[in-house]
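Some notes on the structure that comes next.
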Amino acid sequence: MSEGWTAQARTRWCRFWETPGPTAGLGLFRVLFCVALLREVETSLLKSRFAIEGGIHLPYVDWIPLVSAELYFLLHLLQVPLVLLLGLGLATRAASVGLLALQGYLFFADHLNFRNHPYFFLMVLLVLAAAPAGDAFSVRALLPVRLGGRGRFLGTVQPLAAQRLILVVVSLVYLFAGLHKLNDTFLSGELLARQFEARLTRGDLASTLERVLSPERIESLVAFASHPPHVAPLAVGSAALELILPFALWIPRFRPVAVAAGVCFHVGIGMTMGIWNFSIAMLGTYLLFADPWRLESRMRLVLQRAVGEPIPVVDPRLDPAEPIRP
Amino acid sequence: MTKPTGASERQADHVTRQERPPGAPRRLSRTTHQAIALFVLVQLCLPLRGFVLDLHQTRGDFSWNMYSHRYQCRARYAERDSTGKVERIDYREHFQRRSRAPMVFHRDALPAFHASLCSVVAPAERGRELIASVRCSINNGPRQPLVAEGVDICSAPRYAVLER
């Protein structure tokens, strides 16, 4: 009996990770992820300063050396060409490994450099380093075979392991973040109210509002948003959403609503908390939740309209006339 | 039926790959499956520490704790000379980013912070002691002391960080 269960579990495990699918979604995600990575370089330059020698340090391990301010700047500068390489789909494995090394060093140089967003980026880079990330939507895929390219911009069909690993990470981020929010202080709206007050009175959002609204309007907006009972429904809603999304995004019937809610959620986080890099990366992963076959055929239609000629199918499973789905 | 050995397994897989028609599903190797399993296990288990231990114990790094709790600390550090005269020091001036200073006020980080602070301030070289008061509250709860007050943190066991 137990052997039957084990064999069943093994089969399901293998099927989940080995299910083949078009790599077009992964390619497009790679491009969007690189937009977030490029923006994150500047953020990291400001916020990872505990890799610089001098002052208080809380190392993870003693043998990771600290660097001078000049080298610290260089470590960030070096990331830019690597992000561009990854974004263009050239030498994606080498670019991912290089970025892992540079960002991983800055991240692990000191406990005080810890932020959730770079940690998420490191996990995704780890997966991309092992994935066929340059298979689609890449310069290499664009070049014809006679020039050493792949000649198939929309990629091929490969096991969906990499895409699904990223989705597992995303699901766990939502789940654990939602579970953390299950406390009276957060659900009462107090933390969100404080965040809103800070954002509405200081920083770039405050500057934007000053250009658009009158001082009286801003004052009443601040008074409203900084009152916890007014934002408590938002707090409860965000916690509930983070607990529902890890499941709803996987179920085709609920996916459209889940994606819409997730987009509103992350755009809201970007506007109210100024956290755009993480939001862009998370929204990019929604491409991977979509049915990869449907996504590829939609992209094919769009590209065909753009170039004005049919795009040849290079894998029989991608032929819209004879879709051979696994 | 005997189980194939590693070498004959690889040979069989190579033959199978050659015979596999174009467009046939590609299998992942056992090593890849093991790596995936390890990755998923780490992603599941690493965050648990942040749920098992409270914020006094740990900040909950790697547990996806994002703006979910209110953790307030009142921290004072001072040098005390041999006459008992106390002079406050600004511990935040030794941080590359002052805003990150509150990150250290958890029992798992405080000993390392005190060790670093003692090394940077080096009060013993001037015949002084470093004393501290760190009291923190979670989600508007009662404040708890994290550091033994009135003792020299540089020479105390665990740098004067209280176990509980």
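Points to keep in mind about this one:
- Accessible area in square angstrom per residue, the range B:71-160, 1.4 angstrom probe: 49
- Build a GNM of chain A with springs between Cα atoms under 10 Å apart, and of A:Ala258, A:Ala198, A:Ala290 the one that fluctuates most is A:Ala198.
- Projected label points at A:Val35 and A:Ile251, each 7 Å from Cα along the beta carbon direction, are separated by 3.0 nanometres.
- Apportionment of accessible area to carbon and sulfur, the range A:35-90, percent (1.4 Å): 72
- For the range B:114-156, a decrease in accessible area of 10 Å² or greater in the assembled protein chains relative to the isolated chain, with a 1.4 Å probe, applies to B:Ser116, B:Val120, B:Asn139, B:Asn140.
- Directionally averaged projected area (the range B:71-160, Cα convex hull): 5.8 nm².
- For the range A:212-260, applying the loop criterion from DSSP together with a ceiling of 15 other beta carbons within 10 Å to the chymotrypsin sites (Phe, Trp or Tyr not before Pro) yields A:Trp250, A:Phe254.
- For the residues of B:102-112, the average number of beta carbons from a partner chain within 10 Å of their own beta carbon is 2.
- Total accessible area lost when A and B pair, probe 1.4 Å, Å² to nearest 100: 4500
- Gaussian network model of chain A, springs between alpha carbon atoms under 10 Å - residue of A:Gln158, A:Gln195, A:Gln103 with greatest fluctuation: A:Gln195
- For the protein assembly as shown: rounded, prolate or oblate by the Cα gyration tensor [a/c cutoff 1.5]: prolate
- Amide H to amide H, with H built 1.01 Å from N, B:Val147 comes under 5 Å of B:Val134, B:Leu162, counting only residues 5 or more places away or on other chains.
- Cut-off 14 Å, label 7 Å out along Cα→Cβ of B:Glu149, residues of the range B:74-90 by amide N: B:74-78
- Residue-span extension gain [B:Ser29 to B:Ala124] - 0.36 nm each, minus C-alpha spacing: 28.3 nm
- Label-to-label distance, A:Leu77 versus A:Glu309, with points set 7 angstrom from Cα along the beta-carbon direction: 4.4 nm.
- Listed by number, the DSSP H helices of chain A that run 24 Å or longer by alpha-carbon position along their axis and have mean Kyte hydropathy of at least -0.5 are A:24-47, A:161-180, A:228-248, A:255-273.
- Charge dipole magnitude, Cβ of K and R +1, D and E -1 - the range B:71-160, Cα centre, debye nearest 20: 360
- Applied to the range B:143-151, the Karplus parametrisation 6.51 cos²θ - 1.76 cosθ + 1.60 on θ = phi - 60° returns per-residue 3J(HN,Hα) values of 6, 10, x, 9, 10, 5, 8, x, 9 Hz, with x for Gly and Pro.
The values are calculated or read from the model by the stated rules, or taken from the named source; none is laboratory data. Since the structure is predicted, the reported quantities are computational estimates derived from the model, not experimental observations. We place every Cβ from the backbone using ideal geometry, glycine too, and count neighbours over all the protein chains shown. For the accessible areas, the whole protein counts, side chains as well, though only heavy atoms, and no ligand, DNA or RNA atoms are used. Shrake-Rupley method; radii C 1.70, N 1.55, O 1.52, S 1.80 Å.
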